[in-house]
1. Among all residue pairs at least 6 apart or on different chains, which show Cβ distances below 7 Å where the first residue, located in the range 30-58, is surrounded by 10 or more Cβ atoms within 10 Å (Cβ to Cβ) and the second is at pLDDT 80 or above?
2. Is it the case, given these coordinates, that LEU29 is away from the ligand (no atom under 13 Å from the Cβ) and at pLDDT 90 or above?
3. Search the range 1-26 for residues being among the aliphatic types (A, V, I, L, M) and surrounded by 12 or more Cβ atoms within 10 Å (Cβ to Cβ), and hand back the single one that is nearest to the ligand (Cβ to nearest atom).
4. Output the residues belonging to the range 1-20 that are in a loop (DSSP other than H, G, I, E, B), within 24 Å of the chain's Cα centre (by Cα) and at negative phi.
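The values are calculated or read from the model by the stated rules, or taken from the named source; none is laboratory data. None of these values were measured; they are calculated from a predicted model. Positions of Cβ are backbone-derived with ideal geometry, glycine not excepted, and every protein chain shown enters the neighbour counts.
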Amino acid sequence: MRTIKCPVCRKEVPLDSPEMPFCSERCRLIDLGRWANEEYRIPAEPVHPPAPEPEDADEE
Ligand SMILES: [Zn+2]
């Protein structure tokens, strides 16, 4: 039987597995979570330029 490797844990998965290409539903969810994280990570990384510090030269 031909197998492929689970992209998550590298276990061999038979090509007729219902969870193809993952070895189990668990790995499928892990992979899904990874992608979700990646997608959220990019837009959720707000570019906060350091606020210019107002030079409060209030020292007389
Ligand atoms: Zn796996």
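1. The qualifying pairs are ILE30/VAL8; ASP31/PRO7; ASP31/VAL8; ASP31/PHE22.
2. Numbers: away from the ligand (no atom under 13 Å from the Cβ): no; at pLDDT 90 or above: yes.
Criteria not met by LEU29.
3. Initially, the range 1-26 is screened for residues among the aliphatic types (A, V, I, L, M), giving 1, 4, 8, 13, 15, 20.
Okay, now just the ones that are also surrounded by 12 or more Cβ atoms within 10 Å (Cβ to Cβ), so 4, 8, 13, 20.
Working: ILE4: 11, VAL8: 4, VAL13: 7, MET20: 11 Å.
The qualifying residue nearest to the ligand (Cβ to nearest atom) is VAL8.
4. Within the range 1-20, the first condition is being in a loop (DSSP other than H, G, I, E, B), and the residues that meet it are 1-2, 6-11, 15-20.
Right, trim to within 24 Å of the chain's Cα centre (by Cα) and you get 6-11, 18-20.
CYS6, PRO7, VAL8, CYS9, LYS11, PRO18, GLU19, MET20 - these are the residues of the range 1-20 that are in a loop (DSSP other than H, G, I, E, B), within 24 Å of the chain's Cα centre (by Cα) and at negative phi.
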